[in-house]
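Asks: Encoded as structure tokens, here's the structure I'll be asking about.
We did not get these values from a lab; they are worked out from the coordinates using the rules stated. Here the structure is a predicted model, which means the values were calculated and not measured. Glycine gets a Cβ as well: all are built from the backbone with ideal geometry, and neighbour counts include every protein chain shown.
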Amino acid sequence: MLSSTLFSRLLILGLLVLSCGLFSSNSRAGAFATCPSKAFLVQQGIAQLYGVNLVTGQYSLLSGDLGTTNKINGVGFSFHDNYIYGWGYEWGTLVRIGDDYQATPITIENNPGGNFYVGDVALSENSYFFYRKGNGLYKIPLDEQHSNYLVAEKVASGSALPLTIFDLAFHPDNSFAYSVDNKGRLHKIDASAGTSEMLGNVGQSGTFGAVYFDVDGNFYISRNSDGYVFIIDVDAQSPQAELFAYGPSSSNNDGARCATAPIVDDSVAPTVDYGDAPDSYRTLLASNGARHSVGSNFLGARIDAEHNAQLYPASDDTSGVNDDDGVVFITPLIAGMSGLLQVTATGGGYVNIWVDFDQDGTFSESEKLLTDHYLYNSSETLLVETPFEAVAGYTWARARLTTEPGIIAYGGVTDGEVEDYRVYVTNPNLSQIKHNTYFIAFEDNWPEMGDYDMNDVVIKQESSILLSQNNEIHQLEITGEMMAYGAAYANGFAIQIDNVVPSTVNQALVRFEINGVAQTASLVEAGTDSLVLMISDNLGDYFSAKSGCSFYKTQSGCRNGEQMKFSLQVPFITPIAYSAFPQAPFNPFIFAKPATYHGDSFFHPGRSMEIHLKNKMPTSKMDTGYFGLASDRTDLAAGHTFQTETGLPWALAINPGSSQNWRHPLEKVDLLEAYPMFRDYVSSSGVSSGDWYTESKANSARVYK
């Protein structure tokens with residue numbers, strides 16, 4: 001008889017031997033260091049492991065030797081321990097893969113036998129679920145503390161769960177698994193109960209051997225035959241599969257991913273190039289925007305990378321080298337006529353170009369300017385056709401180069417580059433007349449003189465008109481950018497087009513954008529005698545004070561990256577005679593935001609308080625009873641408005657000429673101190689010191705730089 005001590009030692013030794021038998025000799029491989037943003041893909045008859053960037057579909061071989069001579073399928077990433085689990089065909093059992101990319105077979109009890117090609121690790125419990133049509137759904141607890149650790153349990157029979165699926169993935173939040181069968185039907189699977197619910201047809205069919213989730217609950221499915229990766233909103237009322245990226249194809253395909261990770265890892269250097277058109281054109285990643293993995297082939301001579309798109313006007317080109325250098329529009333895009341453009345490529349690829357000819361804010365496949373034109377380390381001048389029905393005015397073009405032919409205007413590809421361009425389309429019977437650039441500066445203390453720093457609102461304004469051969473204006477276009485906001489009051493901004501009645505505007509075709517985003521509010525203000533274009537009722541909404549700064553770009557060292565840019569196109573139902581149309585910069589003005597304090601003279605004047613350029617007429621909504629208060633000496637009958645007794649204005653329109661810039665005074669610096677010659681200019685009624693506003697005439701220590 002064995003002593004109790006010897007028996008205990010033999011028992012412990014036996015348990016250790018049994019424990020070691022669960023894993024092969026290389027079972028001590030470490031786990032992956034993090035929950036990675038990349039997806040894993042196992043392919044080939046002898047399993048090989050790839051890393052896939054779902055953003056673009058780009059993939060790279062992680063290991064061509066997983067330590068097996070057969071397939072590994074049904075793989076899933078466990079966020080519980082950061083290992084990959086799957087079904088090893090060589091051993092007919094569960095395998096585990098760590099950071100050495102070697103498959104370790106695991107001995108399980110109640111092994112159902114045969115091989116399985118559908119599987120994943122649940123998030124709500126530390127268990128591996130695996131499935132095969134006809135065999136049914138099983139689970140294996142992976143938690144060492146579980147009473148059935150590494151014991152296979154049948155959850156549902158093949159007849160109870162008869163799904164023609166090839167992979168499944170667990171949702172990061174709701175504990176359900178999802179899959180799409182070969183007919184395109186989306187299934188929501190309760191793995192614990194062994195039941196499923198069909199949520200609808202996603203519009204794509206085939207063998208989807210690799211499916212994934214990200215941390216936001218987006219569902220991705222990869223089709224074996226062509227490698228296309230589709231994205232599905234599983235919570236949508238009618239879920240649809242949309243092409244997301246062009247990935248790798250394979251007859252044997254299985255995927256795994258950490259469902260609690262985002263698909264973009266902001267902690268590492270970016271490797272993807274995006275466009276910068278407004279997001280209505282599908283630019284941001286969240287909108288499935290156009291994007292390319294950065295490599296050795298691209299448009300032009302330069303390319304950069306970012307974690308996500310930077311939308312117009314905050315393009316990445318404004319903070320670095322302009323890499324949108326692959327396409328040059330040699331001749332204008334003229335409706336119904338041919339034109340020339342030059343396309344340059346570094347490396348090789350197919351070039352596709354779209355232009356939003358109908359200006360509806362999207363690129364459709366019918367708006368192709370160039371289709372699958374192949375270039376390799378060359379530059380070519382090409383003849384292209386602008387359709388006759390193209391709408392005149394500014395619009396957007398998108399150029400994409402990649403080795404993948406037949407791509408669409410959005411979605412990810414594995415190489416190449418996307419470049420977005422703001423272009424102008426004109427009509428052969430119309431010519432574009434550009435006006436001078438103006439800096440419009442306001443002092444919002446009217447009718448008080450206040451600090452008279454003339455930087456409370458500073459807007460750079462450009463405009464143009466479309467003029468017919470018989471000198472009739474068909475469309476007005478204005479773009480603007482906020483250059484400074486030194487106001488303590490809340491100010492709105494608008495532009496009056498004097499003596500043009502609002503009813504002449506074709507409001508259905510008006511386009512109005514702020515920072516590249518189409519505005520839903522009407523641009524044309526209702527209830528005015530002359531046309532008033534309402535840009536914003538509170539410019540302060542677009543800026544926030546930075547640390548140590550009270551205003552926007554009026555104090556030294558207080559520059560920040562915020563922007564407020566606007567663009568508008570105003571077509572007229574009936575063309576207006578050029579001789580009857582007001583001159584640029586028209587009649588811009590600021591007004592008080594409703595229900596806000598705007599000085600002791602008014603308290604809460606709202607829309608009825610306006611500040612215009614000197615000698616410009618107020619709108620019909622202004623309360624003219626404010627004239628003559630404090631320092632104001634307006635004489636409406638004589639046409640003398642918004643000026644002091646000595647002729648000083650509360651607003652300026654400055655045309656800087658070729659310099660294209662004007663330095664406004666620093667905060668609390670009187671304009672007359674920043675530009676000493678301005679007084680002479682005013683007192684001489686503009687006869688003397690006409691260049692008072694130039695930088696050479698400024699007190700350099702008193703203006704913003």
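Asks: If the Cβ limit is 7 Å and pairs must be 6+ apart or interchain, which residue in region 83-106 that is free of Cβ contacts under 8 Å to residues at least 12 places away in the same chain pairs with which residue that is among the aliphatic types (A, V, I, L, M)?
Replies: As it stands, the answer is none, since no pair meets every condition given.
Asks: Here's something else I'd like to know. If Glu367 passes every condition in (1) surrounded by fewer than 18 Cβ atoms within 10 Å (Cβ to Cβ); (2) farther than 15 Å from Gly289 by Cα; (3) not aromatic (Phe, Trp, Tyr) but one, which one does it miss?
Replies: If we test Glu367 against (1) surrounded by fewer than 18 Cβ atoms within 10 Å (Cβ to Cβ); (2) farther than 15 Å from Gly289 by Cα; (3) not aromatic (Phe, Trp, Tyr), just (1) comes out false.
Asks: Could you list, in sequence order, the residues of region 202-228 that are closer than 16 Å to Val55 by Cα, in contact with a Ser or Thr (Cβ under 8 Å, 6 or more places away or on another chain), assigned to a strand (DSSP E or B) and among the small types (Gly, Ala, Ser)?
Replies: Across region 202-228, the qualifying residue is only Ala210.
Asks: Considering only residues that are of a type outside the set (D, E, K, R), surrounded by 23 or more Cβ atoms within 10 Å (Cβ to Cβ) and part of a loop (DSSP other than H, G, I, E, B), which ones fall in region 455-503?
Replies: The answer is Asn455, Gly486.
Asks: Out of the residues in region 229-254 that are in contact with a Gly (Cβ under 7 Å, 6 or more places away or on another chain) and in a strand (DSSP E or B), state the one that is nearest to Asn126 (Cα to Cα).
Replies: Out of the qualifying residues, it is Asp254.
Asks: Considering region 32-72 alone, what residues qualify as being hydroxyl-bearing (Ser, Thr, Tyr) and not in a loop (DSSP other than H, G, I, E, B)?
Replies: Tyr50, Tyr59, Ser60, Ser63
Asks: Continuing with this model, one more query. Out of everything in region 591-627 that is within 15 Å of Leu533 (Cβ to Cβ) and in contact with a helix residue (DSSP H, G or I) (Cβ under 8 Å, 6 or more places away or on another chain), what residue ends up being surrounded by the most Cβ atoms within 10 Å (Cβ to Cβ)?
Replies: Taking the candidates together, the pick is Phe591.
Asks: Of all residues in region 164-193, which are aliphatic (A, V, I, L, M) and either within 18 Å of Ala236 (Cα to Cα) or free of Cβ contacts under 8 Å to residues at least 60 places away in the same chain (or both)?
Replies: Passing the criteria: Ile165, Leu168, Ala169, Ala177, Val180, Leu186, Ile189, Ala193.
Asks: Something else now. Restricting region 593-607 to residues that are of a type outside the set (Lys, Arg) and under 38 Å from the mean Cα position of the chain (by Cα), which is nearest to Asp456 (Cα to Cα)?
Replies: That would be His598.
Asks: Every residue in region 36-68 that is on the phi > 0 side of the Ramachandran plot and surrounded by fewer than 22 Cβ atoms within 10 Å (Cβ to Cβ), please.
Replies: Matches in region 36-68: Gln44, Gly67.
Asks: May I pose another question? Which residue is surrounded by the fewest Cβ atoms within 10 Å (Cβ to Cβ), if the candidates are limited to region 228-266 and must be under 25 Å from His307 (Cβ atoms) and without any contact (Cβ under 8 Å) to a residue 40 or more places away in the chain?
Replies: Filtering region 228-266 for residues that are under 25 Å from His307 (Cβ atoms) and without any contact (Cβ under 8 Å) to a residue 40 or more places away in the chain, the one surrounded by the fewest Cβ atoms within 10 Å (Cβ to Cβ) comes out as Asp233.
The rows are residues; the columns are (1) within 41 Å of the chain's Cα centre (by Cα); (2) buried (at least 18 other Cβ atoms within 10 Å of the Cβ); (3) over 21 Å from Ser251 (Cα atoms); (4) among the charged types (D, E, K, R).
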site: Lys71; (1), (2), (3), (4): yes, yes, no, yes
site: Val75; (1), (2), (3), (4): yes, yes, no, no
site: Ser78; (1), (2), (3), (4): yes, yes, yes, no
site: Tyr89; (1), (2), (3), (4): no, yes, no, no
site: Val95; (1), (2), (3), (4): yes, yes, yes, no
site: Pro105; (1), (2), (3), (4): no, yes, yes, no
site: Asp120; (1), (2), (3), (4): yes, yes, no, yes
site: Tyr128; (1), (2), (3), (4): yes, yes, yes, no
site: Ile140; (1), (2), (3), (4): no, yes, yes, no
